[in-house]
Amino acid sequence: MARYLIVANQTLCGDLLAERVQKLMADGPCSFHVVVPATYTKDHAVHIDGAAHAVAEKRLEAALERFRALGADVSGEVGDASPMLAVRDCFVASNTYDAVIVSTLPPGISRWLHQDLPHRLERSYGLPVLQVTGEYERVG
């Protein structure tokens, strides 16, 4: 069974990521683990301790519910604000992934693409990185 690590925050509950999950499930048995880096997003008017984690937790809960409704075997967690560290922590806990799915905002506005996150993850872990570009999804 293939095991995928999904890294997303502002685009986590978007249609394009859900479509990718459905396609992978159609390709054969698989499971998913979602990590939501607790980064500050448009949902924050000001930086308040714990606010980023609370928003990430809400996104995670909504995404787990949506993916389970699609029939996915999925688990998840809120991770470090740095997506590289959030992924690293997942690999330390369970180094059993076959690929990483990174869902980002479009080029030009995505901090993760500006940081070259997909290529950095590919180089760091030697796994295929599937990139999904989605739209901003407001929480609540």
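Which of the residues that make up the stretch 62-96 are among the aromatic types (Phe, Trp, Tyr) and surrounded by fewer than 19 Cβ atoms within 10 Å (Cβ to Cβ)?
Residue satisfying the conditions is Phe91 alone.
Please go through the stretch 82-104 and give me each residue that is within 12 Å of Phe32 (Cα to Cα) and touching a helix residue (DSSP H, G or I) at 6+ places or on another chain (Cβ under 6 Å), ordered by number.
Val100
Please enumerate the residues belonging to the stretch 62-100 that are part of a strand (DSSP E or B), of a type in the set (Asp, Glu) and in contact with a Phe, Trp or Tyr (Cβ under 9 Å, 6 or more places away or on another chain).
Residue satisfying the conditions is Asp73 alone.
Suppose we keep only residues that are assigned to a helix (DSSP H, G or I) and touching a strand residue (DSSP E or B) at 6+ places or on another chain (Cβ under 6 Å) within the stretch 1-25. Which one would you say is surrounded by the most Cβ atoms within 10 Å (Cβ to Cβ)?
Leu17
Could you give me the residue pairs with C-beta distances under 7 Å whose first residue belongs to the stretch 1-25 and is touching a residue at least 40 places away in the same chain (Cβ under 8 Å), whose second residue is part of a helix (DSSP H, G or I) and among the charged types (D, E, K, R) wherever it lies, and which are 6+ apart or on separate chains?
Asn9/Arg59; Leu12/Arg59; Cys13/Arg59; Cys13/Arg66; Ala18/Arg66
If you check Arg3 against the conditions, is it touching a Cys at 6+ places or on another chain (Cβ under 8 Å), at pLDDT below 95 and not hydrophobic (A, V, I, L, M, F, W, C)?
no
It is to be established whether one or more residues within the stretch 50-65 are under 12 Å from the mean Cα position of the chain (by Cα) and touching a residue at least 60 places away in the same chain (Cβ under 8 Å).
Scanning the stretch 50-65 turns up at least one residue that is under 12 Å from the mean Cα position of the chain (by Cα) and touching a residue at least 60 places away in the same chain (Cβ under 8 Å).
Does the stretch 93-140 hold any residues that are hydroxyl-bearing (Ser, Thr, Tyr) and out of contact with any Ser or Thr (no Cβ under 8 Å at 6 or more places or on another chain), and which are they?
Matches in the stretch 93-140: Ser94, Thr96, Tyr97, Ser124, Tyr125.
Here are some conditions: (1) within 28 Å of Met1 (Cβ to Cβ); (2) of a type outside the set (Lys, Arg); (3) at pLDDT 90 or above. Ile109 meets all but one. Which one does it not meet?
So Ile109 meets the others, but not (1).
Within the stretch 26-34, can one find any residue that is modelled with pLDDT of 95 or more, surrounded by 14 or more Cβ atoms within 10 Å (Cβ to Cβ), under 20 Å from Val132 (Cα atoms) and among the small types (Gly, Ala, Ser)?
Yes, the conditions are met somewhere in the stretch 26-34.
Filter the stretch 37-61 for residues that are in a loop (DSSP other than H, G, I, E, B) and either modelled with pLDDT under 90 or surrounded by fewer than 19 Cβ atoms within 10 Å (Cβ to Cβ) (or both) and give the result.
Thr39, Tyr40, Thr41, Lys42, Asp43, His44, Ala45, Val46, His47, Ile48, Asp49, Gly50 - these are the residues of the stretch 37-61 that are in a loop (DSSP other than H, G, I, E, B) and either modelled with pLDDT under 90 or surrounded by fewer than 19 Cβ atoms within 10 Å (Cβ to Cβ) (or both).
Which residues, taken from the stretch 111-140, are outside any loop (DSSP other than H, G, I, E, B) and not hydrophobic (A, V, I, L, M, F, W, C)?
Selection gives Arg111, His114, Pro118, His119, Arg120, Glu122, Arg123, Ser124, Tyr125, Gln131, Thr133.
The values are calculated or read from the model by the stated rules, or taken from the named source; none is laboratory data. Quick caveat, the model's predicted, so the values are computed rather than measured. Don't worry about glycine lacking a Cβ; one is built from the backbone with ideal geometry, like all the others, and counts go over all protein chains shown.
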